[in-house]
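Structure first, commentary second.
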Amino acid sequence: MNKNSENISAWKRFMKSMTKAHDLGTEEDIMLDHDYDGIKELDNVLPPWWLAGFYITIAISIFYYIQVFYNSEEYSQAKEYEAAVEQGKADVEAYKAANPQLFDDSNIVALTDEESIAKGKELFTSKTCFACHLNDLGGSIGPNLTDNKWILGGDVKSIFNTISKGGRPGKGMVAWESTISRDERIQLASYIISMQGTQPAAPKAPEGDITWPEE
């Protein structure tokens, strides 16, 4: 017998040990009495590799259960979640402390450069502010933004806050702080400030008890 024949024979022996497959022609030895419309059933055993995998999964399951049951005080998903939440809050506070200019509204001032005003005007159009306030800010469903009477305040910080948090409850103006960035909200508020005192085509009557600019 040459070397190739020995290798083939060794491989066949290995596969047979791993599968417990019966040789062709020996089906009669493992034939069961079951007969389904002429279809016979063979009594093949489960392959050893499959049984080994099955027993390994059982062992891992038992090990995992023991670890969870007996070490529940050392580790739990609830505690892991709480720790992650606390870490997240700490990270947010650290970010706020490192970037106070992004969260402190007290330092907001109206922008006056042409680029910022142009960007604010673009936002006024793209975010459909004109649907309630009209293109010339004269007011329609929403109030006139060009006079000096305001419901929630007409200074840049008040307008910024109204854009960010939304208008009065039930009046339809949504909060934009999750949609428009802080810088963009400042630009939009600055554009509205720049339009104060202009003459809309059909201005809506003044609304609100707050006067700004003060007379």
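The values are calculated or read from the model by the stated rules, or taken from the named source; none is laboratory data. Treat the numbers as computed from the prediction; the structure is a model and nothing was measured. Quick reminder, even Gly has a Cβ in these numbers, built from the backbone with ideal geometry, and neighbours come from all protein chains shown. Note: accessible area is taken over every heavy atom of the protein model, side chains too, but ligands, DNA and RNA are not part of it. Shrake-Rupley method; radii C 1.70, N 1.55, O 1.52, S 1.80 Å.
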Inset, instruction - Ignoring everything but the protein chains, give the 1.4 Å probe accessible area of residue 42 in square angstrom, nearest 10. - result: 70
Inset, instruction - Assign unit charges at the C-beta atoms only (+1 for Lys and Arg, -1 for Asp and Glu), then state the dipole size of the chain relative to its Cα centre in Debye, rounded to the nearest 20. - result: 460
Legend entry - Probe 1.4 Å - accessible area at residue 85, Å² to nearest ten: 50
Legend entry - Farthest toward positive dipole pole in region 116-191 [+1 Lys/Arg, -1 Asp/Glu at C-beta], among 129, 167, 186: 167
Inset, instruction - Calculate, in whole percent, how much of the Cα-Cα pair population of the chain lies beyond 27 Å. - result: 63
Inset, instruction - Kyte-Doolittle cut-off 1.0, length cut-off 20 Å along the helix's own axis using Cα: show which whole DSSP H helices in the chain pass. - result: 48-70
Inset, instruction - At 1.4 Å probe size, with no ligands or nucleic acids counted, give the accessible surface of residue 49 in Å², nearest ten. - result: 140
